[in-house]
Amino acid sequence: MSAILPLRLEEVSYAVDGRAIIERVSLVLEAGPSTIILGANGAGKSVLMRLMHGLLAPSSGRIAWNSKGTRRRQAMVFQRPVMLRRSALANVAYALKVAGVPAAQRERLAQEALEEVGLRQAAQRPARVLSGGEQQRLALARAWALHPEVLFLDEPTANLDPGATREIETIIKAFDAAGTKVIMSTHSLGQARRLGDEVIYLHQGRVLERAPVDRFFPQPASPEAASFVKGELPWV
Amino acid sequence: MFDAIFSDARLWEIVGLSLAVSLSAVALATLLGLPLGAALAVGRFPGRQGLIVVLNALMGLPPVVVGLFIYLLLSRAGPLGEFGLLFTPQAMVIAQTVLVLPIIAALARQAVEDAWREYEEQLRSLGVEGWGGALTVLWDIRFSLLTAVLAGLGRASAEVGAVMIVGGNIDGVTRVMTTAIALETSKGDLPLALGLGIVLIAIVLALNAAAHVIKEVAQRRVG
Amino acid sequence: MGLMLRVLLAMMMFSTVQAQARYITVASTTSTEQSGLFRHLLPGFEKKTGIQVRVVALGTGQALDMGRRGDADVVFVHAQALEEKFVAEGYGLRRFEVMYNDFVLVGPRADPARVGGGKDIVAALQKIQTAQAPFASRGDNSGTHFAELQLWKAAGVDISRDKGPWYRDTGSGMGPTLNTAAGLNAYALTDRATWLSFKNRGELVISVQGDRRLFNQYGVILVNPVKHPHVKQDLGQTFIDWVVSPEGQAAIADHKIGGEQLFFPNAPRAR
């Protein structure tokens, strides 16, 4: 089974009711570096993530993975975690069941995933009574259990306090260290610097710039990115 | 008068049959209606909106019309006459199922559709496809579906038109609370009819209370 | 979920057990059933023969229609002309006379048409029509309704032409019609049996009784198995034989409300 990366986007556009949200984006995403999609609110980050993950179909252009059968090989964590009305353990086990993992192995793998994110104590608690940060960690555990090749994260800490944010970032780094390709959108410069290897700067639906983190932040090439980094463009 | 009512073994026979018929009908309608509602909520196909409108309208099916229709089907002179189902409790269950099915399906459709907005992205991300997703959501919102089921139970235990026509109100065989009340009213025994009515309401109230308690207890366990 | 299925199965089995009993379906009239006759009569028959008798009570017209459709094994009604037509058309095998009771005219104590205490039903109806006093009719194709129409005809009244707002066509059974009559203080034609067990009389009393024209004959007929092969001919005939037998006839005479006999058995002796 060959790798699903690289992911190729060719002249991808997405429009709703005539309004262009993503305009002619062409990208190749390779395995290895963690990629940050950076941009102001309304730049189109969430839509771009969903296009890449396959939840939306482009209005024009092509999105192609390297091989077929990609649904099981990628996972996504959303800004607001969606949990079933079951225990934390059962939520992870559900994802394993959908992925076709045999019943005998599911509980053990789910326990390991909970252990990995520090939620072992919460295994039997109803998922929906966990705090926001705990639920997001649970979402990451759910993704971890599947050992995906690609992990998409759409502003995963936007609703969390700094403590919970730190916990989440630690787990994301663990994914990266384990070899998963991390593709994350954020509007937080600090987070981008902490977690990213490269930055793709999105402005009004267009990719303006792509550069390694060390080169982007001291000196963004485009004027819009420069303004954004300086804090002058909080919205579009 | 209440002593006279309650000591009558026939009353308990009638109560038992009422519960058996209505609960059976609701169980059947739930079994069929929940998946139907979920499929309609999640599926996308031409004519879907029209089907939703029709299903909602069927919630208002007049019981006496359903009774008449089932009667014509089950009569010996009708297409299904050979089964000899007319004037049996089974016929009453069939008629009430037809009445209750649209209610449960339509309410489930709305509940699942609302919940689908919350769950759809995450489920599709995990690789859950349409039908599997519908069932997962259906199970996840089961506590709110209870209201739909109770609405169906209310309709079934309250109606008289359908069970009267297809059951024939036969003493000791197909007489239920509502048809007994109709009979006593027509005989002019209004106090007895009223007494039976109070018993019926009390039973339905008890069923709803029990359902509520069960739901609260279960819900606490899963958040 | 599993519990639900098990309960459902138990209920279905309960009803199939019922279905296995030997039984016949008898189409009869609401007035007969509401008089309590069947509740009095049937337990003896069922104990003796083990045959359960399931009575569906409708109007005479509907009961005969049930027979025509084959939804009943036996019909037990009170409208001789309609019954004879039923047999003549081949829907019934043979008509047996069983019992009779009588109709009475009930009306408000205040008696606006001045018919109280009379013994002439035809004269009474003429007076009611002249006075335009309120009258509640069943209007439901029943034996009682049929008898009422015959009596209007005998009184020389073309009721379909001469009826006015005073004539209330309720389209319902004997009980509901009496309810309406009590509520409106109207006259009504009713069988004595229903009247004796009717509890919501209001201001109504018996106004006219004893006229030979108020005589109401009951007949019992087996639905023709040639037309409807599924009819339970043996069981049905057993019931008919019992009802016209000395034992059945005695049971009929034995049915009383407040000490008063409701039905008078008159099946012919020899067969």
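The values are calculated or read from the model by the stated rules, or taken from the named source; none is laboratory data. This structure is a prediction, so every number in the text was calculated from the model and none was measured. A quick note on method: Cβ atoms are made from the backbone with ideal geometry, for glycine too, and the neighbour counts reach across all protein chains shown.
Does A:Ser26 meet the test of being away from chain B (no Cβ under 14 Å) and either in a loop (DSSP other than H, G, I, E, B) or not β-branched (Val, Ile, Thr) (or both)? For A:Ser26, the condition - away from chain B (no Cβ under 14 Å) and either in a loop (DSSP other than H, G, I, E, B) or not β-branched (Val, Ile, Thr) (or both) - is met. Within the range C:23-54, the residues that satisfy the criterion of being assigned to a loop (DSSP other than H, G, I, E, B) and more than 10 Å from every other protein chain (Cβ to nearest Cβ) are C:Gly50, C:Ile51.
Return the only residue of A:Ser13, A:Ser46 being farther than 25 Å from A:Gly190 by Cα and surrounded by 14 or more Cβ atoms within 10 Å (Cβ to Cβ).
Matching residue, one of A:Ser13, A:Ser46: A:Ser13.
Taking strands (runs of 3 or more DSSP E) as the structural unit, those lying wholly within the range A:157-236 and holding at least 1 residues that are within 21 Å of A:Gly42 (Cα to Cα) and within 17 Å of the chain's Cα centre (by Cα) correspond to A:181-186, A:198-203. Condition test on C:Trp152, is it more than 24 Å from B:Leu194 (Cα to Cα) and either out of contact with any Leu (no Cβ under 9 Å at 6 or more places or on another chain) or of a type outside the set (Phe, Trp, Tyr) (or both)? It is false that C:Trp152 is more than 24 Å from B:Leu194 (Cα to Cα) and either out of contact with any Leu (no Cβ under 9 Å at 6 or more places or on another chain) or of a type outside the set (Phe, Trp, Tyr) (or both).
Applying the selection to the range B:175-194, what residues are in a loop (DSSP other than H, G, I, E, B) and more than 8 Å from chain C (Cβ to nearest Cβ)? Passing the criteria: B:Arg175, B:Val176.
Among the conditions (1) over 14 Å from the mean Cα position of the chain (by Cα); (2) over 15 Å from C:Ile121 (Cβ atoms); (3) among the charged types (D, E, K, R), C:Lys153 misses just one, which is (2).
Within 13 Å of chain C (Cβ to nearest Cβ) and not in a loop (DSSP other than H, G, I, E, B): is that true of B:Leu36 in this structure?
Considered against the rule, which asks whether it is within 13 Å of chain C (Cβ to nearest Cβ) and not in a loop (DSSP other than H, G, I, E, B), B:Leu36 comes out as no.
With respect to (1) within 14 Å of another protein chain (Cβ to nearest Cβ); (2) over 15 Å from C:Thr30 (Cβ atoms); (3) surrounded by 21 or more Cβ atoms within 10 Å (Cβ to Cβ), the lone exception for C:Asp140 is condition (2). Within the range C:151-175, if we keep just the residues that are among the small types (Gly, Ala, Ser) and part of a helix (DSSP H, G or I), the residue that is farthest from B:Thr185 (Cα to Cα) turns out to be C:Ala154. Considering the range A:99-117, and only residues there that are modelled with pLDDT of 95 or more and among the small types (Gly, Ala, Ser), the residue that is nearest to A:Ser34 (Cα to Cα) turns out to be A:Ala113. Among the residues making up the range C:153-178, those that are crowded, with 24+ Cβ neighbours inside 10 Å and not aliphatic (A, V, I, L, M) are C:Gly173, C:Gly175, C:Thr177. Among the candidates A:Arg128, A:Arg106, the residue that is closer than 17 Å to B:Gly127 by Cβ and either in contact (Cβ under 8 Å) with a residue 12 or more places away in the chain or in a loop (DSSP other than H, G, I, E, B) (or both) is uniquely A:Arg106. Within the range A:85-95, being modelled with pLDDT of 95 or more and in contact with a helix residue (DSSP H, G or I) (Cβ under 6 Å, 6 or more places away or on another chain) holds for A:Ala88, A:Leu89, A:Asn91, A:Val92, A:Ala93, A:Ala95.
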